[in-house]
Amino acid sequence: MSTVAVKLQENVPGKYYVTNECNGCGICFSYALQNFMYSNDSTYYFVYQQPADVREEEDVLRAMEICPMNCIKDDGVVS
Ligand code: SF4
């Protein structure tokens, strides 16, 4: 049985977002401190701030690559 991933409501508007498949491991946060934040109960993370420059975007892309749940997505629009 497969479930459909849903974009978390906490994500700020913009290209990058986290889905409800997040397991709360926090790896993304360690890679991109400026861009991810944890939920109130610390069970999942979301995009807190879209990348402000190339360096932050590289951090987010690295987090996307390493995320064990593959639940950091982008909307495919070139920024
Ligand atoms: S790395 Fe992926 S699974 Fe881990 S907290 Fe971040 S978004 Fe969630």
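We did not get these values from a lab; they are worked out from the coordinates using the rules stated. For clarity, every value in this text was computed on a predicted model and none was experimentally measured. Virtual Cβ from ideal backbone geometry, glycine too; neighbours counted across all protein chains shown.
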Could you look through segment 51-79, keep only residues that are surrounded by 14 or more Cβ atoms within 10 Å (Cβ to Cβ), under 18 Å from N20 (Cα atoms) and of a type outside the set (A, V, I, L, M), and pick out the one that is farthest from the ligand (Cβ to nearest atom)? D74
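Tell me, yes or no, whether segment 8-19 has at least one residue that is over 11 Å from C71 (Cβ atoms) and of a type in the set (D, E, K, R).
Yes, because at least one residue in segment 8-19 is over 11 Å from C71 (Cβ atoms) and of a type in the set (D, E, K, R).
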When the residues of segment 33-50 are narrowed to those that are over 9 Å from the mean Cα position of the chain (by Cα) and under 18 Å from D75 (Cβ atoms), which ends up surrounded by the fewest Cβ atoms within 10 Å (Cβ to Cβ)? Q49
Is one or more of the residues making up segment 1-13 surrounded by 17 or more Cβ atoms within 10 Å (Cβ to Cβ) and either more than 11 Å from the chain's Cα centre (by Cα) or among the small types (G, A, S) (or both)? no
S30: passes all of (1) part of a strand (DSSP E or B); (2) over 14 Å from D74 (Cα atoms) but (1)
